[in-house]
Amino acid sequence: MKYLKTMDQKTTKQIYKKSLRLHKFYRGKIATVPKCPITKLEDFNYWYTPGVAAVSREIYNDANKVFEYTNKWNTIAIISDGSRVLGLGDIGPEAALPVMEGKALIFKYLGGVDAIPIVLNTKNPDEIINVVKIISINFSGINLEDIEQPKCFYILERLREELDIPVWHDDQQGTATVTLAALINALKIVNKKINEIKIAMVGAGAANMATVRLLTKYGAVKENIIMVDSKGILHPDRKDIQQQKDIYKEKWDMCINSNKERRTGGIKEALVGCDVLIAASKPGPGVIKKEWIKTMAKDAIVFAEANPVPEIYPQEAKSAGARIVATGRSDFVNQINNSLCFPAIFRGALDVQAKKITDEMCISAAKSIAEYAQKKGINENYIIPTMTEYDMYPEVAVTTALTAIQQKITKIKLSKKELRKKIFSIINSTRKQIDLLTKKNHCFYIHK
């Protein structure tokens with residue numbers, strides 16, 4: 001085990017070194033690339049002045065035509081203040097920018113979505129809300145990213161109420177969606193039902209709070225969930241939370257409505273007899289002890305989702321009796337990765353001009369992801385697809401769009417056949433374009 005940890009640290013350092021070299025070489029990861037042909041200078045007569053005046057007049061007379069004549073239909077903003085960057089904490093907007101660029105790259109490559117990174121030099125939630133509202137006219141969706149709690153809940157709630165375009169917080173809804181997808185298949189393998197299991201949740205941040213909401217809507221019983229924050233198990237006698245219940249509303253709700261056994265203590269006490277552990281807390285290793293896993297129920301399921309190092313290494317959890325283990329790492333089996341859902345969910349939402357992304361849309365996306373893996377053949381080392389299974393994304397996008405249409409929250413209604421044709425075309429052509437640019441450009445550098 002010591003050897004494995006050493007190898008992990010060595011690999012991580014090598015990745016860091018190469019990442020620095022690549023970022024400096026390319027000076028960022030995204031750029032504006034024309035989607036229209038430019039063969040001669042006269043083409044600007046149509047793309048810009050004087051021709052563009054006719055387009056502006058059309059939109060002035062009918063604002064909805066902005067979706068026909070501009071790229072707004074396919075453009076979203078990635079908004080962050082850099083206050084809660086995964087694995088790094090409060091590093092500020094400048095340091096968060098490369099993370100947001102990376103997110104934009106994934107949106108484009110996997111979902112064909114044009115995403116613009118926008119980092120804000122303010123941590124004031126009302127200022128963030130005001131800025132997003134002002135600039136939202138440019139976009140068909142907003143992706144909130146790496147914003148600390150509890151303000152992330154407040155910002156998401158306000159913007160979802162006050163904007164008529166989808167507003168999504170990936171640290172909440174994205175993590176919850178992929179976690180649910182993985183859990184659906186893990187429970188299928190161990191032959192347990194979601195409404196009968198006990199779940200221990202380590203971490204009471206944005207990710208796990210949203211996961212609770214999605215799991216309970218899918219069928220989990222909140223009373224059978226035991227949640228642990230940095231000070232211990234949540235229960236009605238947690239005076240520290242009660243005194244701030246107006247700020248930490250989600251935590252207080254868990255204190256009074258979960259943990260029917262009224263357990264107290266910490267992670268150790270929370271895990272006893274539980275069927276499932278979902279950890280989304282601080283990076284490990286050693287946050288969760290091997291001996292604590294031994295006290296869980298038979299055929300235990302362990303999701304250790306912290307990055308860059310999981311709360312417990314998979315090998316340790318397995319040797320302690322866990323039957324199925326998943327992490328947030330791509331170099332271990334069963335990676336719970338938000339990238340499996342957010343490009344596809346936004347693709348589906350944009351193509352029907354959905355006004356919001358609902359929990360029902362997230363659940364349908366999770367089921368679609370799980371079903372894709374089931375068709376391939378799930379087992380203990382494959383409960384969820386990988387990012388490279390590209391044909392999954394259009395399927396998830398179609399499912400998401402159909403759910404939005406069923407909920408009557410879209411401006412466009414398309415049949416399943418029409419959606420499949422449109423979505424498959426956008427995603428596949430986008431990847432072909434990127435692959436072609438990679439081959440024709442100097443991107444060979446990445447392989448050196």
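Placing unit charges on C-beta atoms (Lys and Arg positive, Asp and Glu negative, everything else neutral), compute the dipole magnitude of the chain about its Cα centre in debye, rounded to 20.
On the way: 67 positive and 49 negative charges, 242 e Å.
Rounded to the nearest 20 debye, it is 1160 debye.
May I ask you to list the trypsin sites (Lys or Arg not before Pro) in the range 260-312 that are in a DSSP loop and have at most 11 other Cβ atoms within 10 Å of their Cβ? Could you put the intermediate results ahead of the total?
Details: sites: LYS260, ARG262, ARG263, LYS268, LYS289, LYS290, LYS294, LYS298; in loops: LYS260, ARG262, ARG263, LYS289, LYS294, LYS298.
Here the sparse-neighbourhood loop sites are ARG262, LYS298.
The phi torsions of the range 150-167, fed into the Karplus equation with coefficients 6.51, -1.76 and 1.60 and a -60° offset, translate into couplings of x, 5, 4, 5, 4, 4, 4, 4, 5, 5, 5, 6, 9, 10, 9, 10, x, 10 Hz, rounded to whole numbers, with Gly and Pro shown as x. With 24 Å as the limit, the listed pairs LYS245/LYS294; LYS251/LYS411; LYS217/LYS422; LYS133/LYS416; LYS188/LYS375; LYS294/LYS367 have LYS245/LYS294; LYS251/LYS411; LYS217/LYS422; LYS133/LYS416; LYS294/LYS367 beyond it between alpha carbons. Between the range 15-61 and the range 369-448, the C-alpha centres lie 24 angstrom from each other.
Under the rule of -39500 (n - 2.57) per DSSP H run of 4 or more residues, summed and divided by the residues of the chain, what mean residue ellipticity at 222 nm is obtained, to the nearest 500 deg cm²/dmol? Calculated at 222 nm, the ellipticity per residue is -14500 deg cm²/dmol. Between ALA63 and LYS289, the modelled labels are 6.0 nm apart [label points 7 Å from Cα along Cα→Cβ]. The distance from the alpha carbon centre of the range 123-162 to that of the range 180-232 is 27 Å, rounded to a whole number. Against the main long axis of the alpha-carbon atoms of the chain, helix 342-351 sits at an angle near 40°.
What does the charge add up to near LEU271, with Lys and Arg as +1, Asp and Glu as -1, over the other residues with Cβ less than 12 Å from its Cβ? It would help to have the intermediate numbers written out before the result.
Values: positive: LYS198, ARG263, LYS268, LYS289, LYS290, LYS294; negative: GLU269, ASP275, GLU291, GLU311.
Value of the local net charge: +2.
By DSSP, the beta bridges lying fully in the chain are antiparallel in about 15 percent of cases.
For the pair ILE137 and ASP240, the difference between a 0.36 nm per residue extended length and the Cα-Cα distance amounts to 33.0 nm.
Is the range 26-165 rounded, prolate or oblate when judged by the Cα gyration tensor, a ≥ b ≥ c being the square roots of its eigenvalues, rounded requiring a/c under 1.5 and prolate requiring a/b larger than b/c? Taking the square roots of the gyration eigenvalues as a ≥ b ≥ c, the range 26-165 is oblate.
Residues considered: GLY348, GLY219, GLY328. Largest GNM mean-square fluctuation over the chain, using C-alpha springs under 10 Å, is found at GLY219.
Laboratory data are not the source of any read-out in this text; all were calculated from the coordinates shown. Just so we're clear, the structure is a prediction, and the values are computed from it rather than from any experiment. Using ideal geometry, Cβ is built from the backbone for each residue, glycine included, and neighbour counts are taken over all protein chains shown.
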